Amino acid sequence: MLVVANFKMNGNKNFFLKLNETYEKLKIKGTNVVLCPPFVYLSNLNIKNKNVCLGAQDISIVGNNKSTGQIGAYMLKEFNVKYCIIGHSERRAIGETGEMIAKKVKSACENKIIPIICVGEATKQDKSSAVKNQVKSALKYLQPGSKIIFAYEPVWAIGSGQVPTIKHINNKIKTIKAEANALGFSPKILYGGSVNDNNFLQLKTAEIDGFLVGGLSLDTNKFCKLIMGV
Ligand code: 13P
């Protein structure tokens, strides 16, 4: 299993420094953990545990020196970032377009950073092909065969305490897989949205390769319980 922590805009220097100790002591078996702090705290995480590595929450599209305020892939590499969340619904909500996401995915892959591409429908009732379209659009500039991960995150499940049924998750996983396979990719697929220490064992019965966790990652004890239990 792959368990990814998206800390979003949370935590402070002290919080992230403390994680070093916690995760170094953790004897993890069979699960890989990716911690994605805000950019400014990447350098505070220096965890010596072969099962734990670093991810970022976003990446810049343009790769030149006229990009005020942006963080490029090559900079992330210097901090040992191995993964990058791209196209999270909270970024789509502030104007990130499918075109921008496709360019970010390309930039990540060109720099050997594995993109974790977030897709998901907006409402529980949504029967449209939004997820399929998001998958297709994100892969537009990518060489078939590139190493990528999708995170199925229904927007309505994020931070709401509501989770889809296993059947619902499996249907969406099937859609993501079919579209990606048709375009020449074999991604791992994670589930994200209100994953907690009480529901992860049930959610794990879906056809997923792991979790993308938000809120629970802020409670280190509970998050470690999940890591050790999946
Ligand atoms: P929650 O786990 O807080 O619902 O957030 C999910 C998420 O957005 C992870 O990227």
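The values are calculated or read from the model by the stated rules, or taken from the named source; none is laboratory data. All values derive from a computational prediction rather than experimental measurement. Neighbour counts are summed over all protein chains in view; Cβ atoms, including those assigned to glycine, are modelled from backbone coordinates with ideal geometry. Remember, those area values only see protein heavy atoms, side chains included, never the ligands or the DNA or RNA. Shrake-Rupley method; radii C 1.70, N 1.55, O 1.52, S 1.80 Å.
Couple of notes before you dig in:
- The numbered conditions (1) in a helix (DSSP H, G or I); (2) open to solvent by 40 Å² or more (accessible area, probe 1.4 Å) are all true for Cys109 except (2).
- Remark: Glu96 matches the filter, which requires a residue to be free of Cβ contacts under 8 Å to residues at least 40 places away in the same chain and closer than 25 Å to Gln134 by Cα.
- Yes/no for Asp197 being open to solvent by 50 Å² or more (accessible area, probe 1.4 Å) and either away from the ligand (no atom under 11 Å from the Cβ) or over 21 Å from Phe7 (Cα atoms) (or both): no
- Within region 156-194, the residues that satisfy the criterion of being on the phi < 0 side of the Ramachandran plot, open to solvent by 70 Å² or more (accessible area, probe 1.4 Å) and touching a helix residue (DSSP H, G or I) at 6+ places or on another chain (Cβ under 8 Å) are Gln162, Ser186.
Conditions (1) in a helix (DSSP H, G or I); (2) of a type in the set (D, E, K, R); (3) within 16 Å of the ligand (Cβ to nearest atom), marked per residue:
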position: Ala5; (1), (2), (3): no, no, yes
position: Leu17; (1), (2), (3): yes, no, no
position: Tyr23; (1), (2), (3): yes, no, no
position: Lys29; (1), (2), (3): no, yes, no
position: Lys82; (1), (2), (3): no, yes, no
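- Taking (1) within 14 Å of the ligand (Cβ to nearest atom); (2) of a type outside the set (Phe, Trp, Tyr); (3) open to solvent by 10 Å² or more (accessible area, probe 1.4 Å) in turn, Gly210 satisfies each apart from (3).
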